[in-house]
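Here is the structure we will look at.
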Protein chains: 2
Amino acid sequence: LTAYLLPAKNGEEPTIQFLLEMVDILTNYVKKTFDRSTKVLDFHHPHQLLEGMEGFNLELSDQPESLEQILVDCRDTLKYGVRTGHPRFFNQLSSGLDIIGLAGEWLTSTANTNMFTYEIAPVFVLMEQLTLKKMREMIGWPDGEGDGLFSPGGAISNMYSVMIARYKYFPEVKTKGMSAAPRLVLFTSEHSHYSIKKAGAALGFGSENVILLSTDERGRVIPADLEAKIIDAKQKGYVPLFVNATAGSTVYGAFDPINEIADICEKYNLWLHVDYIKTYIKLCRANSVTWNPHKMMGVPLQCSAILVREKGIMAGCNSMCAGYLFQPDKQYDVTYDTGDKAIQCGRHVDIFKFWLMWKAKGTIGFEQHIDKCLDLSQYLYNKIKNREGYEMVFDGVPQHTNVCFWYIPPSLRGMPDGDERREKLHRVAPKIKAMMMESGTTMVGYQPQGNKVNFFRMVVSNPAATQSDIDFLIDEIERMGNDL
Amino acid sequence: LTAYLLPAKNGEEPTIQFLLEMVDILTNYVKKTFDRSTKVLDFHHPHQLLEGMEGFNLELSDQPESLEQILVDCRDTLKYGVRTGHPRFFNQLSSGLDIIGLAGEWLTSTANTNMFTYEIAPVFVLMEQLTLKKMREMIGWPDGEGDGLFSPGGAISNMYSVMIARYKYFPEVKTKGMSAAPRLVLFTSEHSHYSIKKAGAALGFGSENVILLSTDERGRVIPADLEAKIIDAKQKGYVPLFVNATAGSTVYGAFDPINEIADICEKYNLWLHVDYIKTYIKLCRANSVTWNPHKMMGVPLQCSAILVREKGIMAGCNSMCAGYLFQPDKQYDVTYDTGDKAIQCGRHVDIFKFWLMWKAKGTIGFEQHIDKCLDLSQYLYNKIKNREGYEMVFDGVPQHTNVCFWYIPPSLRGMPDGDERREKLHRVAPKIKAMMMESGTTMVGYQPQGNKVNFFRMVVSNPAATQSDIDFLIDEIERMGNDL
């Protein structure tokens, strides 16, 4: 029983023994995750898991369980889960299981503290500050000056950018609300992440005032369309405030033409935010940047940063000066208490695993990892671009690791284009995906986009993946799709 | 080097060895944390840590470090941090180090997945659903029906409540923005957490439209003041929308009179949100509740839930239907894909540690823990209420574990009340706190409140704390404060 563990008297030994048994379960899981003879997942429907699988009961009860049962529960939790670190898991951009990052998370949870004050997180607060500065240097802001914070995910980081832009141009909204500002509009690509729309709805702009920009055939924003829509909004009496450009879009991996967009933002005095997948481009002209190390850099979830070029503006935007946390009469330099810059109060320590990975790999290690992923995507692209049974969703070499394609089963290959073929093709990817999950051999994402029916979206970010895993994926798609 | 770890060829052995060395560091840390001969912290100023402590360099570099250095970095990170699980750490409500919760976090980071779809987090998604239902049952909603989500902290949970209330009464704000609604006002206690003001500012209401309610001498909202302010707002042409009641306020631990507030909310058709510290009260009449298991229940940070009585309203409020995540043509029941209810996209798995602790302790285990904390607070209160050199900030037995008091050094005891005494007393708590941190023996919070000068706010939530630790705290305060 829990009662024998620390802080119980003589609790040391049972505690260490329990933790080591847990670690044994976890290290076995880690070993198997990298073993290609292990399945990616052991799929069950919700009702199956809810009914209970031999000895695994999800229901909570009034009475305690034994420690043995707790260990069984942990084994079962892993057994019925999905191995996101498996070399053949390609379902999301956050994939892979970095061992240093994992160790960093174990330490973070052991330290169990809170980023809101230097007082209780001195080392982590400084790590965050130094890491943010380094990131700002890398995107090209002079001397790495500026502001920033780690937040619980890219959607919240994007939300910060909209809030800060609003505060920059209409600071009175903080105290008086949106009625103190004119009708504001935000711009983002029709291919951009849905988080900008969510931010627009949440922050009181309204999702209809998030204006979607047309893209070219590669999914890149057309600058002339941005300018036309700015002019149109102004003519209708709206005030354009903010443009989100994407450097690595979710589906196509497209890079919006940032310099041309920056020119337009300068001309019309708009805030330029860039939602950024780590690569090599400079973003000197952005006013703010969302950078998610939990994507291409392979840092365990959650790890997302909002970076802002103007120093001090985050505190201006968000501070409320809570007396019980941010006492001005502390004995240390209280400018290190960053909590009042955040919309959160308690804030999880997301920095340590990232800092530790950076120490262990160096900047060059991250670059090598990204290069390797780009190479693998290129390999996949070359493999299927002229292969029978495949059609690419857009022409040309992908700009990032995203490779978007249709698999055309033999039964559809001779069929003329038209509604019937489209409807049938639309059902191919979901069927193959369902078979993949049920057999548990691999996972890859699919979706429709605009008027394009369901296609596979391959993304490579998993450091464990090799060319043989790409080959395996293609074999599986063909094996499963052949008779559709 | 990292290069020898998995997924490298023959990486299994070095990986397991590295992880076990890390676990050795962590289990030693755990043992020492519960050992009262260990310091709570080894305080250094920011500039000292930034300059670098023998062998501990926070700067990031281009080149990788050795694995040995990584382990040294981990040891140093813990060495210069704060032991929030130490029996004499009373600084915040989130304190203590629960061994089951810790093991749960280690598993969570090993599974490294994302709550947004059942597809990649089947077990965790179901655990969340069952746990939320159980929580709703406990607060008294019929059959535990309703809606909810775990969010990255109480401030975000409170923000959800405001968004959902706005959506309930003015759903068109989601698409059209705040200009589609009349001028809305929110109400919360002058003693309530600053997160309601932050939410008001962020969501476009404006912080001035968050109206603060007067409290009685115990820090409880005065219902008549709420009603008067509602009437006043209406007369000025504002539309009252939302009342936040606090069940366990941050500083005084006060419980607002929820039933009387609920009567007023019903009368004027306002949304009633309750910001809730786990206790035994029923909250049947609330429309939404924030419940933070990372506070009184001792669950590791972060673990916060927003609970909503009306089913389906969260999706209505927040959904944007991203095609690349929430495909309607999946093979399983996609109502289990909860991601579109959230303002986040990626969402960290906060449920598992809580679920595992619930399994290990049972509901009764949590109740016993809270009883123990209340007993200890009572012990502190009884010890100091008539002791020479102490003044209580408010009269009577605390409603929760908060005990708020001034320590009066001998030099101030004969001094008549007045500005001079107030100014001197204001400096006492910060000075004692600084000495505590520099000697590293214990930590307790302090702050001013309204016209009351700096006082100590003791909160008990740490399961490792005993009466002897309370005695120790008082001895330390007297030892350090005696000559001030």
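Some points to look at:
- In segment B:254-276, the qualifying residues are those that are buried (at least 24 other Cβ atoms within 10 Å of the Cβ) and closer than 17 Å to B:Asn292 by Cα, and the one that is modelled with the lowest pLDDT is B:Tyr276.
- Subset tally (residues that are within 15 Å of the chain's Cα centre (by Cα) and either on the phi > 0 side of the Ramachandran plot or β-branched (Val, Ile, Thr) (or both)) for segment A:153-167: 2
- Taken over segment B:313-330, the criterion of being touching a Lys or Arg at 6+ places or on another chain (Cβ under 8 Å) and farther than 15 Å from B:Pro171 by Cβ is satisfied by B:Tyr324, B:Asp329, B:Lys330.
- Cross-chain or 6+ apart pairs with Cβ under 8 Å, segment B:156-179 first and without any contact (Cβ under 8 Å) to a residue 40 or more places away in the chain, then part of a loop (DSSP other than H, G, I, E, B) and charged (D, E, K, R): B:Gly177/A:Arg183; B:Ser179/A:Arg183
- Residue match in segment B:384-401 (condition: in the same structural domain as B:Asn462 (by TED's automatic domain parsing) and in contact with a Leu (Cβ under 8 Å, 6 or more places away or on another chain)): yes
- Residues satisfying the stated conditions in segment A:436-471, i.e. more than 9 Å from every other protein chain (Cβ to nearest Cβ) and in a helix (DSSP H, G or I): A:Met436, A:Ser439, A:Gln467, A:Ser468, A:Asp469, A:Ile470, A:Asp471
- Which numbered condition A:Phe56 fails, given (1) open to solvent by less than 10 Å² (accessible area, probe 1.4 Å); (2) facing chain B (nearest Cβ under 7 Å); (3) of a type in the set (A, V, I, L, M, F, W, C): (2)
- The single residue among A:Leu126, A:Leu130 that is open to solvent by less than 10 Å² (accessible area, probe 1.4 Å) and farther than 18 Å from A:Ile370 by Cβ turns out to be A:Leu126.
- Any pair with Cβ under 9 angstrom, 6 or more apart, that starts in segment B:261-290 at a residue that is over 29 Å from B:His369 (Cα atoms) and ends at one that is surrounded by fewer than 21 Cβ atoms within 10 Å (Cβ to Cβ) and hydrophobic (A, V, I, L, M, F, W, C): B:Ala262/B:Cys284; B:Tyr268/B:Ile231; B:Leu270/B:Ile264
- Residue identified as of a type outside the set (Val, Ile, Thr) and at pLDDT below 95 among B:Gly396, B:Gly481: B:Gly396
- Considering the conditions (1) without any contact (Cβ under 8 Å) to a residue 12 or more places away in the chain; (2) open to solvent by 20 Å² or more (accessible area, probe 1.4 Å), A:Ala434 is excluded by exactly one of them, (2).
- Qualifying residue in segment A:229-248 (condition: farther than 29 Å from A:Val453 by Cα, hydroxyl-bearing (Ser, Thr, Tyr) and open to solvent by 10 Å² or more (accessible area, probe 1.4 Å)): yes
- Meets criteria (out of contact with any Leu (no Cβ under 6 Å at 6 or more places or on another chain) and open to solvent by less than 20 Å² (accessible area, probe 1.4 Å)) for A:Tyr324: no
- Only residues that are free of Cβ contacts under 8 Å to residues at least 40 places away in the same chain and touching a strand residue (DSSP E or B) at 6+ places or on another chain (Cβ under 7 Å) were counted in segment B:15-43, giving 0.
- When restricted to residues that are in contact (Cβ under 8 Å) with a residue 40 or more places away in the chain and either assigned to a strand (DSSP E or B) or small (Gly, Ala, Ser) (or both), segment A:192-223 contains 6.
- Subset tally (residues that are over 12 Å from A:Leu184 (Cα atoms) and at the interface with another protein chain (Cβ under 8 Å from one of its Cβ atoms)) for segment A:202-235: 1
- Hits in segment B:327-351 - residues which are open to solvent by 10 Å² or more (accessible area, probe 1.4 Å) and either closer than 19 Å to A:Ala201 by Cα or among the aliphatic types (A, V, I, L, M) (or both): B:Val334, B:Thr338, B:Asp340, B:Lys341, B:Cys345, B:Gly346
- Some residue of segment A:45-59 being touching a strand residue (DSSP E or B) at 6+ places or on another chain (Cβ under 6 Å) and under 30 Å from A:Met436 (Cβ atoms): no
- Check on B:Thr250, farther than 20 Å from B:Met163 by Cα and either of a type in the set (S, T, N, Q) or assigned by TED's automatic domain parsing to the domain that holds B:Lys361 (or both): yes
- Subset of segment B:235-245 that is in contact (Cβ under 8 Å) with a residue 24 or more places away in the chain and over 29 Å from the mean Cα position of the chain (by Cα) - its residue that is farthest from B:Ile258 (Cα to Cα): B:Gly237
- Looking only at segment A:186-201, and only at residues there that are away from chain B (no Cβ under 11 Å) and open to solvent by less than 10 Å² (accessible area, probe 1.4 Å), the one that is nearest to A:Gly248 (Cα to Cα): A:Ser189
The values are calculated or read from the model by the stated rules, or taken from the named source; none is laboratory data. For clarity, every value in this text was computed on a predicted model and none was experimentally measured. Reconstructed Cβ throughout: ideal geometry from the backbone, glycine too, with neighbour counts over all protein chains shown. Surface accessibility is based on the protein's heavy atoms, side chains included, excluding ligands, DNA and RNA. Shrake-Rupley method; radii C 1.70, N 1.55, O 1.52, S 1.80 Å.
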